[in-house]
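Working notes, beginning with the structure itself.
The values are calculated or read from the model by the stated rules, or taken from the named source; none is laboratory data. None of these values were measured; they are calculated from a predicted model. Heads up, the Cβs are rebuilt from the backbone with ideal geometry, glycines too, and the neighbour counts pull from every protein chain shown. The accessibility values were calculated without ligands, DNA or RNA, using every heavy atom of the protein model including side chains. Shrake-Rupley method; radii C 1.70, N 1.55, O 1.52, S 1.80 Å.
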Protein chains: 2
Amino acid sequence: MDQKMIDIYNLIQELAWLFGDHGFNGECCGDLTFIEYMALKKIEASDQITVQETGRALNFTKSGASKIIDRLENKGYVARQVSPLDGRVCCISPTIQGRSAAAGIIQQYTSYLDEILQELGPAEISNIRSALQLLVDSAHNRADWPVGGVGR
Amino acid sequence: MDQKMIDIYNLIQELAWLFGDHGFNGECCGDLTFIEYMALKKIEASDQITVQETGRALNFTKSGASKIIDRLENKGYVARQVSPLDGRVCCISPTIQGRSAAAGIIQQYTSYLDEILQELGPAEISNIRSALQLLVDSAHNRADWPVGGVGR
DNA sequence: ACGGATAGTTTCCTTTGTCAACCAATAATA
DNA sequence: TATTATTGGTTGACAAAGGAAACTATCCGT
């Protein structure tokens with residue numbers, strides 16, 4: 001039983017490695033780093049998000065978040081815009097190029113998955129999907145983390 | 001069907017984030033970075049490994065690998081030793097402290113998993129394990145990667 | 001209108017990894 | 001055997017990236 005948890009842990013870690021920043025030979029996300037890509041995804045998902053919210057979502061300080069957004073902006077993938085409601089806050093939104101870059105990355109990985117999973121039947125694939133979903137949901141349902149706090 | 005692949009991709013990415021270098025508030029692995037921890041795991045797994053092999057296993061250049069091993073050595077987790085067969089190569093091996101540090105990290109994550117998965121029954125947990133296994137095996141059975149080559 | 005709070009940016013600093021040059025040891029060849 | 005090429009590893013200069021703290025601009029409460 002405990003062994004099963006250890007297995008799960010090691011497997012997750014292996015996946016985290018394979019699909020993280022170093023797995024795909026450093027070229028994990030086109031001209032984006034893994035972190036920049038995650039930020040772009042968050043920005044896309046909420047369609048209007050502030051600098052600090054982006055940072056909070058990704059466990060970065062606000063200065064770190066500001067710089068990540070700088071890089072995305074320099075690449076033309078997001079745009080800053082002063083909020084009409086509050087002159088201090090920046091509304092970050094994805095540009096057309098940003099959306100299409102993200103779509104391209106998803107496309108690329110999806111076809112990679114298609115390829116490596118082609119041996120499997122649809123039932124097995126469904127099963128993988130729901131197992132992952134269960135895992136991610138369980139992790140999100142926990143407010144805190146194994147070590148330290150989340151605040152920053 | 002394609003949507004299912006996209007789901008799987010996004011879920012893996014979420015997991016990669018949660019269990020990667022930034023997920024746990026930066027404190028992912030005690031006094032080790034994610035990368036250092038992965039290197040320690042590789043070193044532990046093979047019990048005798050060279051600097052370059054470590055680098056190759058983790059997609060780092062040899063100088064990068066050398067420095068990662070420097071840091072592990074400074075922390076007292078691995079030891080360098082000149083190979084008796086070839087005076088050029090370094091045999092890296094984990095120290096007692098290295099083994100116990102790795103065990104501690106595994107312990108910590110395992111109990112975290114225990115906690116977040118406590119709602120689930122043993123059958124569901126078994127299912128998660130085998131789904132992850134299937135995924136990781138499928139990825140490893142592919143020699144190459146979605147973009148670029150592996151060589152360095 | 002003024003003092004405190006809040007969102008972002010910028011500057012300085014540390015960490016990390018690559019590239020290229022280098023050293024030492026082995027292998028190959030004349 | 002002497003010499004040259006190759007290979008494993010380390011080192012130094014450099015660039016990228018993110019945190020802390022100082023700074024700017026705006027908003028809110030009195």
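Specify which residue in the list A:Gln81, A:Ala139, A:Ile49 is farthest towards the positive end of the charge dipole of chain A, using unit charges on the beta carbon of Lys, Arg (+1) and Asp, Glu (-1), about the Cα centre.
Highest projection toward the positive end goes to A:Gln81.
Excluding ligands, DNA and RNA, what is the solvent-accessible area per residue of the stretch B:1-90 at a probe of 1.4 Å, expressed in Å²?
Values: 4140 Å² over 90 residues.
Normalised by residue count, the accessible surface of the stretch B:1-90 is 46 Å².
Within chain A, what whole-number % of the accessible surface is contributed by carbon and sulfur, with the 1.4 Å probe and all protein chains included in the calculation?
Carbon and sulfur together cover 51 percent of it.
Around B:Ala131, under 12 Å between beta carbons, what's the net of Lys plus Arg minus Asp minus Glu among the other residues? Walk me through the intermediate numbers first.
Numbers: positive: A:Arg129, B:Arg129; negative: A:Asp7, A:Glu124, B:Glu124, B:Asp137.
Local net charge: -2.
Which of B:Gln107, B:Gln133, B:Gln48 moves the most in a Gaussian network model of chain B with Cα springs under 10 Å?
Result: B:Gln133 has the largest fluctuation of those listed.
If the only charges are +1 at each Lys and Arg Cβ and -1 at each Asp and Glu Cβ, what is the size of the charge dipole of the stretch A:2-140 around the Cα centre, to the nearest 20 debye? Kindly include the intermediate steps, with their values, before the conclusion.
Values: 12 positive and 18 negative charges, 148 e Å.
Roughly 700 debye for the stretch A:2-140.
Would you please report the Å³ per residue occupied by the convex hull of the alpha carbon atoms in the stretch A:2-140? Could the numbers behind the result be given before it?
Values: hull volume 19.8 nm³, N = 139.
Convex hull volume per residue, Cα atoms: 142 Å³.
Of A:Ser93, A:Ser130, A:Ser83, which is the most mobile in a GNM of chain A whose springs link Cα atoms less than 10 angstrom apart?
Per the Cα network of chain A with a 10 Å cutoff, A:Ser130 tops the list.
Using Cα springs under 10 Å in a Gaussian network model of chain A, which residue among A:Leu11, A:Leu40, A:Leu32 shows the largest mean-square fluctuation?
Maximum fluctuation in the GNM of chain A, among the listed residues, is at A:Leu11.
With a 1.4 Å probe and all protein chains in place, put A:Lys42, B:Lys67 in order of accessible area, largest first. Walk me through the numbers before you get to the answer.
Values: A:Lys42 65, B:Lys67 125 Å².
My answer, sorted largest first, is B:Lys67, A:Lys42.
Determine the distance separating the Cα centre of the stretch A:1-67 from the Cα centre of the stretch B:28-53; give it in Å without decimals.
About 21 Å separates the Cα centre of the stretch A:1-67 from the one of the stretch B:28-53.
If R0 is 22 Å, what FRET efficiency do you get for B:Ile96 and B:Glu124 from their C-beta distance, rounded to 0.05? Walk me through the numbers on the way to the answer.
On the way: r = 37 Å, r/R0 = 1.69.
Once the sixth-power term is evaluated, E becomes 0.05.
In Å, what Kirkwood hydrodynamic radius results for the stretch A:1-82 from the alpha-carbon pair distances? It would help to have the intermediate numbers written out before the result.
On the way: mean 1/r = 0.0705 Å⁻¹.
Computed over Cα pairs of the stretch A:1-82, the Kirkwood hydrodynamic radius comes out at 14.2 Å.
Grab the Cα-Cα distance for A:Gln133 and A:Val82, subtract it from 0.36 nm times how many residues apart they are, and report the gain in nm with one decimal. Show your work: numbers first, answer last.
Values: separation 51, 0.36 × 51 = 18.36 nm, distance 3.63 nm.
Result: 14.7 nm gained on full extension.
Once the Cα gyration tensor of the protein assembly as shown is found, what semi-axes does its equivalent ellipsoid get, as square roots of 5 times the eigenvalues, in whole Å, sorted largest first?
On the way: eigenvalues 207, 117, 89 Å².
Each semi-axis is the square root of five times an eigenvalue, giving 32, 24, 21 Å.
Rounding to the nearest 20 debye, state how big the charge dipole of the protein assembly as shown is about its Cα centre with +1 on each Lys and Arg Cβ and -1 on each Asp and Glu Cβ. Write down the numbers at each step before the final one.
Values: 28 positive and 38 negative charges, 195 e Å.
Here the size comes out at about 940 debye.
Assume the label is 7 Å from Cα along Cα to beta carbon: what separations in nm does A:Asp70 have to the matching positions in the other copies?
2.7
Step through the table entries A:Lys4/B:Lys4; A:Lys41/B:Lys4; A:Lys67/B:Lys4; A:Lys41/B:Lys42; A:Lys62/B:Lys4; A:Lys4/B:Lys41, compare each Cα-Cα distance with 29 Å, and write down the pairs that go over it. Don't skip to the end; give the middle numbers.
Details: A:Lys4/B:Lys4 26 Å; A:Lys41/B:Lys4 18 Å; A:Lys67/B:Lys4 34 Å; A:Lys41/B:Lys42 31 Å; A:Lys62/B:Lys4 35 Å; A:Lys4/B:Lys41 18 Å.
Too far apart for the 29 Å limit: A:Lys67/B:Lys4; A:Lys41/B:Lys42; A:Lys62/B:Lys4.
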